[in-house]
1. If the cut-off is a Cα-Cα distance under 18 Å, which aspartates and glutamates reach B:Lys72, setting aside same-chain residues fewer than 8 apart in sequence?
2. Using the 10 angstrom Cβ neighbour count as an exposure proxy, how do B:Tyr105, A:Tyr119 rank, fewest first?
3. Less than 23 Å apart at the alpha-carbon level, and either on another chain or at least 8 residues along: which lysines does that give for B:Lys16?
4. Can you tell me which of B:Asn58, B:Asn37, B:Asn74 moves the most in a GNM of chain B? Springs connect C-alpha atoms under 10 Å apart.
5. Tell me the relative contact order for chain B as a rounded percent, counting alpha carbon contacts under 8 Å between residues six or more apart.
6. Output ³J(HN,Hα) for segment B:85-95: one whole-Hz value per residue in order, computed from phi by the Karplus curve 6.51 cos²θ - 1.76 cosθ + 1.60 with θ = phi - 60°, and x for Gly and Pro.
7. Go ahead and set up a Gaussian network model of chain B, Cα springs under 10 Å, then flag whichever of B:Gly38, B:Gly124, B:Gly89 fluctuates most.
8. Long-range amide H contacts for B:Ile82: which residues qualify at under 5 Å (H placed 1.01 Å from N, peptide plane, sequence gap of 5 or more or a different chain)?
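FYI, it's all coordinate maths here, none of it is from the lab. Since the model is a prediction, treat every value here as computed from it, not as a measurement. Cβ placement follows ideal geometry from the backbone for every residue including glycine, while neighbour counts extend to all protein chains displayed.
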Amino acid sequence: MQEQQRQLLAATFSDTLADLAFMFADDEPTPVDPKGAWVEVSVSYHGPIEGEVRLRCTEAFSVMMAANLLGVAPEDEPAHDEADDALKEFLNVLCGHVVTAIHGTHDVFSLSIPSLRHYASPPASWDQDPDAVEVTVQGEPVRVVYLAQSSCTAGT
Amino acid sequence: MPRDVLVVDDSATMRKMVSRTMDLAGLDVGNVYEASNGIEALAQLASHCVSVVIVDINMPTMNGMQLLRRMKENDRLKGIPIVVATTEGSQQRIEEMNALGAQGYLRKPFRPEQLRDVLQPLVGVKDDAGTATTASGGNLF
C-alpha cells in the first residue's frame, strides 16, 4: 500500500472515529495480547476499482464503540448486545469515507454488507500485514487494513 | 403536533442513533418506527402514517434505492418525503437519489444540526416551551 494511502486510511479512521463515536485514536500502538478475544469486520467495495477495508480489534473495543454510539455505559447490557452491530456500522461508515478519500466522489461505488467474525485469540497471519494502521483507542489496540483490487484475497 | 417518522437501516445501532439524534436536535417527533430493510419499511408504511422516511441505501433484501422507487410508484406512498442517510459520497449517487424523488441527503456521520436542517421543514422543532414550531427553509434538494 502506498504511504499516501496509508496516511489517508489513518486520518480517515481517526476522523470517523471522532465524528461518529466521539472516540480518539492514539498513534502509539498497544501490544497485542495473544490470549485476548478479537473481532475482525470487513467491508468490500465495488466499482471502477475494487477494494476492501478490514478492522481488527478487541471485543472490549467493540463494546466501548457500542456504548458510545448508543449513549450508554460500557457495562450496560445494550452495549454488549449491540457490540457486533455497532462495529459493523462503524466500518460501513469508515469504508464509505475511505473510498471517497482514496478514489474521490466522481465514481459510484457499492459497498458490501459488513461481515464479522470472532476469534478466541488473534490469528498469527495478522502479523503479516505490514501496511496495517495500528492505533490505540482508550487503551485497546485497533488495526485497520486496506486491501486493493487483486490483493483483496490476501491476508485471510 | 409531533410528527411520526420511519427510520430504515439494517443496523439497529444506527436506527437508535438516528432516533437519539432527532431528539438531540429538538425535532418535534412523535412515534419513531423502525425497519431493517425496504420490505419491512413497506410493511410499516402499510400500518402507520408517517411524515418522513429516513432511509439508508445499503441494505439487504431491498435496498434504499429500491424502496425509493417502490414508494414513488405507489399512489398512497409517493407523497411521503424521503431523506437518504448514507455512507456513500459520490455526486452521481446524490443525483440519482434526487432524480428518484428524495427530498434530502445526509452523509453519515451527521451532527444533530445537520439532521435538523433537513428535517425541520418536514416535522418542525420544539420551542423552549416544548411546543412545535414550524419553520421554513432547510437543507433539502
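1. Leaving aside aspartates and glutamates fewer than 8 places away in the same chain, those within reach of B:Lys72 are B:Glu40, B:Asp56, B:Glu95, B:Glu96.
2. Working: B:Tyr105 20, A:Tyr119 14.
Ordered from fewest to most neighbouring Cβ atoms within 10 Å, B:Tyr105, A:Tyr119 come out as A:Tyr119, B:Tyr105.
3. Within the straight-line limit of under 23 Å, B:Lys16 reaches these lysines: A:Lys88, B:Lys108, B:Lys126.
4. B:Asn74
5. On the way: 261 pairs, mean separation 35.2, N = 141.
Normalised by residue count, the contact order of chain B is 25 percent.
6. 10, 9, 8, 6, x, 6, 5, 5, 5, 4, 5
7. Per the Cα network of chain B with a 10 Å cutoff, B:Gly89 tops the list.
8. The list, which skips near neighbours in sequence, is B:Val53, B:Gln103, B:Gly104.
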